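Note sheet for the following structure.
The values are calculated or read from the model by the stated rules, or taken from the named source; none is laboratory data. Everything quoted here is computed from the prediction, not taken from an experiment. Here Cβ is always computed from backbone atoms with ideal geometry, including for glycine, and neighbour counts include all displayed protein chains.
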Amino acid sequence: MALPLSYNARNVLVRWRSTLATILGVALVVAVYVLVQALAVGLEQSSANTGDPRNMMIVRKGSTAESSSQITRAQYREILYLPQIAKDEAGRPLVSADLIVLLNLRRRGDNGEANVLLRGLSPMGRHLRPQVRLVAGRWFEPGRREVVVSRRLAERFAHFEVGGRFQTAGNWLTVVGWSDGGQSAFDSEVWMDADEARSIFDRENYSSVLARVSNPADGLALSNRVDTDKRLSLRALSETDYYKSQTMTAMPIKILGNFLATIMSVGAIFAAMNTMYASVGSRTREIGTLRVLGFRRRAILAGFLVEGVFLALLGGALGCLLSLPMHGYSTATIGLETFSETVFQFRITPALAGEGLLFSAAVGLVGSFLPAVRAARLPVIAALRTV
């Protein structure tokens, strides 16, 4: 015969002072776990939100990112007229040769300096990235030393206001507009004309080529054509797949979150054990009475385990609620792929909240196991004699 759940719920309410400490301890552990994991989720979603499935990213074979890739102008001319590439209404290939450059710029206030990713675009580059929109000012014009910066970067770096000017590579660049990348990796970039960027930064080659295809079959054909052409020594993959693979930065954050959660969970487990041992000590006669009424040892063991897990789940739910105000909050870190400032948002998803609740339930189960075993093993006669 099992103990009714209402019995465990009432016990939690009656001993609210001791159980409140356990609930708060578990809540803090779960809140830290969820928030740290939300950083990794935000980074992963930023990459997953980037790109157009119709676009193909072409980079040098062996390179892990655009920043380590080089494409010569001769290779670019070969790619430009491949038959798989789509054309616009005027018959121009939908292709953009891009240049990636790292700029070391000063943050706002006295927060030091950080690397910023500058992307040089060919004239077709903006049209191949429709998720990026202009939210202030205007687009840059080639040959005038003009840039458009991400609105989120403008909040973090000095002289990024519209009309602001900053110096790099011995040249002054003027900010003429702000862009919004729709919570994608483009929120971490500064844009200008590609050939002008090659001139300013003395770069002979491009970093990558972005090409639009009409359908998935053409994308596969383009990938095979580029990969098998020994003259090019390049590889082509879907733009969305490329950005999904750029999530190296999220892994250390996940490891850190799991490490912190493990360390803090030890304290939460001892708090749960302390509460449950105190409960067993104050309910010795009650436990003996339950045995006399016909409840078996395993029923009492299960009852105390249920009570411990219930307390921890309350703490887990509270921890998830405590972390919710951070959902959507913008922050930044150094991307391990480009070593530049990567802007992203905390993302607390239903799946992550579910992980937090499962984590809290595990803490409650482990923390209440030994007290539950002690309660189940109490001799009936000794328990009934306890005053």
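Some values worked out for this structure:
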| item | result |
| --- | --- |
| Only one of 162, 209, 149, 176 that is modelled with pLDDT of 95 or more, under 22 Å from residue 123 (Cα atoms), of a type in the set (A, V, I, L, M, F, W, C) and within 26 Å of the chain's Cα centre (by Cα) | 149 |
| Hits in the stretch 108-133 - residues which are part of a strand (DSSP E or B), within 26 Å of the chain's Cα centre (by Cα) and closer than 21 Å to residue 184 by Cα | 114, 115, 116, 117, 118, 119, 133 |
| Pick from the stretch 77-107, criterion assigned to a loop (DSSP other than H, G, I, E, B) and charged (D, E, K, R), ranking: nearest to residue 197 (Cα to Cα) | 92 |
| Subset of the stretch 125-151 [under 25 Å from residue 71 (Cβ atoms) and surrounded by fewer than 18 Cβ atoms within 10 Å (Cβ to Cβ)] | 127, 130, 131, 139, 141, 142, 143, 145 |
| Which listed residue is within 17 Å of residue 54 (Cα to Cα), among the charged types (D, E, K, R) and surrounded by fewer than 20 Cβ atoms within 10 Å (Cβ to Cβ), from 231, 235 | 235 |
| Residue, surrounded by the most Cβ atoms within 10 Å (Cβ to Cβ), within the stretch 339-383, restricted to residues that are among the basic types (Lys, Arg) and over 16 Å from the mean Cα position of the chain (by Cα) | 374 |
| Subset of the stretch 24-54 [in contact with a strand residue (DSSP E or B) (Cβ under 8 Å, 6 or more places away or on another chain) and either without any contact (Cβ under 8 Å) to a residue 24 or more places away in the chain or buried (at least 22 other Cβ atoms within 10 Å of the Cβ) (or both)] | 39, 42, 43, 46, 51 |
| Lone qualifier among 219, 181 - being farther than 20 Å from residue 101 by Cα, in contact with a strand residue (DSSP E or B) (Cβ under 8 Å, 6 or more places away or on another chain) and at pLDDT below 95 | 219 |
| Residues (charged (D, E, K, R) and assigned to a helix (DSSP H, G or I)) located in the stretch 292-332 | 297, 298, 307 |
